[in-house]
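The values are calculated or read from the model by the stated rules, or taken from the named source; none is laboratory data. Note that the coordinates shown come from a computational prediction; the quantities given were computed from them, not determined experimentally. Glycine also receives a Cβ, built like all others from the backbone with ideal geometry; neighbour counts cover every protein chain displayed.
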Amino acid sequence: MKNKEAIAKRRTFGIISHPDAGKTTLTEKLLLFGGAIQTAGAVKNNKIKKTATSDFMEIEKQRGISVATSVMAFEYRNRQINILDTPGHKDFAEDTYRTLTAVDSVILVVDAANGVEEQTKRLMEVCRMRKTPVIIFVNKLDREGKYTFDLLDELESNLDIKVRPLTWPIGMGDRFKGVYNIYQKNINLFQASKTSIATEIVSIEDYNDPKMVEYVGEAAFEELKEDLEIVEGVYDPFDRQDYLNGDVAPVFFGSAVNNFGVKEMLDTFCDISPSPRGRDTDAGFIEPSDEKFSGFVFKIHANLDPKHRDRIAFLRIVSGKFERNTFYNHVRLEKKVKFANPTSFMAQDKSVIDEAFPGDVIGLYDTGNFKIGDTLTEGGKFMFKGIPSFSPEIFMELENLDPMKSKQLDKGIRQLMDEGLAQLFIQQPGNRKIVGTVGQLQFEVIAYRLINEYGANCRFVPRNLSKACWITTDNDEQLEKFKKAKSNYLAVDKEDNLVFLAETSFLLTMAEQDYPDLVFHQTSAFKLEKANS
Ligand code: G4P
């Protein structure tokens, strides 16, 4: 296949939501439409429930399942759709943020009754930072939810993005009758089906068709007419470019579990969503149409079996064509590498592939050569930018409980950090290791894996810190002053970047006031932020 054709065909996106909004259910329904699975219930539930236990094996098992389901590809209407799944649990939010660097657009699932929730907001911030086009799917219309116009206002104000409904619900809860497709100007009437695609959906081409009143009743029909008039009066006409620029989010309504409103969204998604986009590097922008192959690693998954240390690195292809058994340049290691068994992820099956194109995500078996953010190229000496680390929220100092195993501990902790499980900051004097995460769960996973995979016994001692901020400045004198005053609160990250470990938000604000020429970044993506501003 020619690159150009392959690029035009591909759509690579992520589904994100606050836990329980219906991300897993929606993903499954999309796979059903794509023929990748035959009945619902086939996709294992890979989320770690909110009531996360400290049952480590359970966590590991869940992690394992998510390897198989974290990238799902299928064909639909002559598009190759690549869905990148993201962990719903907030302790794994960082993994989600990184996955978002590998997608070209996002579908955000919102529960109609709960509206915008904590995780919804944070995920949207990441999308905004990267200008990722977002489609919103308002789910669970089969239950009583918020008044539709109120919900749209809430989306706009809490997510800080303009919205534009492209479908419209007819009633909700017990009165839910279906959705009107504003984009295609036709209607599908609701029919509950939890396991398969309903084949006999009643479709009406024009809502003035007398059949409409017959099916939905006079009252619902009048309400719909009124609502649609308001929609057209209040919202600007849909402009695809605004969506592609990340300025407007089209909104769809439905009930994922009943498979309703999903096809409308998927069909529109196929029409409007972006084909694979290029990415920025330290040597300029790389377009997908560039002939030479390039790609970056955004996720690394450890093997579940501790006897086999190999891992799977997930590589997003940015340009050119990737080919099996071909030598590529591992830019950071300045080393030639080739892969005998690169895998693609068609639904639940992993299969070896011979070639892959921009937008595709492939799995590479790795024996420890890869770190998150690594770049592979067909010769070029550049690194992709902007796989950010976010300021952790919980900090603990790692203490070695077995001095005989300090080498193993050192190696173990570094490898786990390469996987992106947490962030390591080194503090002087004494090379103290401060581990920062966004959730408590990670510490349990790290301690468990260090003892099981590396034989290193450790303990985590809480540190009273609330933020890690990367510092940049042009004012060396002020920086030196700051370093002197705050020496107990400085550390370096894995790339030797200077980081301020602030005990409280107040102390951070004070530092910002006292040292106005220093910039305190909450993510390590300051280069990206600069480029976007
Ligand atoms: P998540 O991945 O975003 O965390 O959510 P998930 O799809 O697992 O859905 C969370 C719960 O919401 C599930 O119920 C699921 O069945 C339900 N759900 C999803 N879509 C809809 C919908 O359109 N309407 C209604 N009423 N419920 C929906 P559960 O009880 O947690 O699990 P299960 O036993 O049903 O699988």
| Does at least one position in region 192-212 carry a residue that is more than 14 Å from the ligand (Cβ to nearest atom), in the same structural domain as Leu244 (by TED's automatic domain parsing) and at pLDDT 85 or above? | no
| query | In region 313-328, what count of residues is obtained for those that are over 18 Å from the mean Cα position of the chain (by Cα) and closer than 18 Å to Phe370 by Cα? | reply | 6
| remark: Counting only residues that are assigned to a loop (DSSP other than H, G, I, E, B), more than 16 Å from the ligand (Cβ to nearest atom) and buried (at least 20 other Cβ atoms within 10 Å of the Cβ), region 128-157 contains a total of 2
| message | Against the definition (closer than 28 Å to Leu30 by Cα, of a type in the set (D, E, K, R), in contact with a helix residue (DSSP H, G or I) (Cβ under 9 Å, 6 or more places away or on another chain) and surrounded by fewer than 21 Cβ atoms within 10 Å (Cβ to Cβ)), how does Lys299 come out, yes or no? | response | no
| query | With respect to Ala73, is the statement that it is away from the ligand (no atom under 16 Å from the Cβ), at pLDDT below 90 and part of a strand (DSSP E or B) true? | reply | yes
| Flag if Leu424 is more than 29 Å from Met129 (Cβ to Cβ), of a type in the set (A, V, I, L, M, F, W, C) and at pLDDT 90 or above | no
| request: Go through the residues of region 394-410 one by one and say whether even a single one is closer than 28 Å to His521 by Cα, free of Cβ contacts under 8 Å to residues at least 12 places away in the same chain and either assigned by TED's automatic domain parsing to the domain that holds Trp470 or not charged (D, E, K, R) (or both). | output: yes
| Count of region 349-384 residues which are at pLDDT below 85 and basic (Lys, Arg) | 1
| query | Within region 477-533, can you find the residues that are aromatic (Phe, Trp, Tyr) and either modelled with pLDDT of 90 or more or surrounded by fewer than 13 Cβ atoms within 10 Å (Cβ to Cβ) (or both)? | reply | Phe482, Tyr489, Phe500, Phe506, Tyr515, Phe520
| note | Restricted to region 95-117 and to residues being acidic (Asp, Glu) and not in a loop (DSSP other than H, G, I, E, B), the residue modelled with the lowest pLDDT is Asp95
| Selection from region 274-295 of residues that are of a type in the set (Gly, Ala, Ser) and more than 16 Å from Asp360 (Cβ to Cβ) | Ala283, Gly284
| query | Counting just the residues of region 314-336 that are surrounded by 24 or more Cβ atoms within 10 Å (Cβ to Cβ) and aliphatic (A, V, I, L, M), which one comes out nearest to Ile286 (Cα to Cα)? | reply | Val318
| How many residues does region 1-37 contain that are hydrophobic (A, V, I, L, M, F, W, C), away from the ligand (no atom under 16 Å from the Cβ) and in a helix (DSSP H, G or I)? | 3
| request: Would you check which residues across region 228-242 are out of contact with any strand residue (DSSP E or B) (no Cβ under 6 Å at 6 or more places or on another chain) and either of a type outside the set (A, V, I, L, M, F, W, C) or within 16 Å of the ligand (Cβ to nearest atom) (or both) and list them? | output: Glu229, Glu232, Gly233, Asp236, Pro237, Asp239, Arg240, Gln241
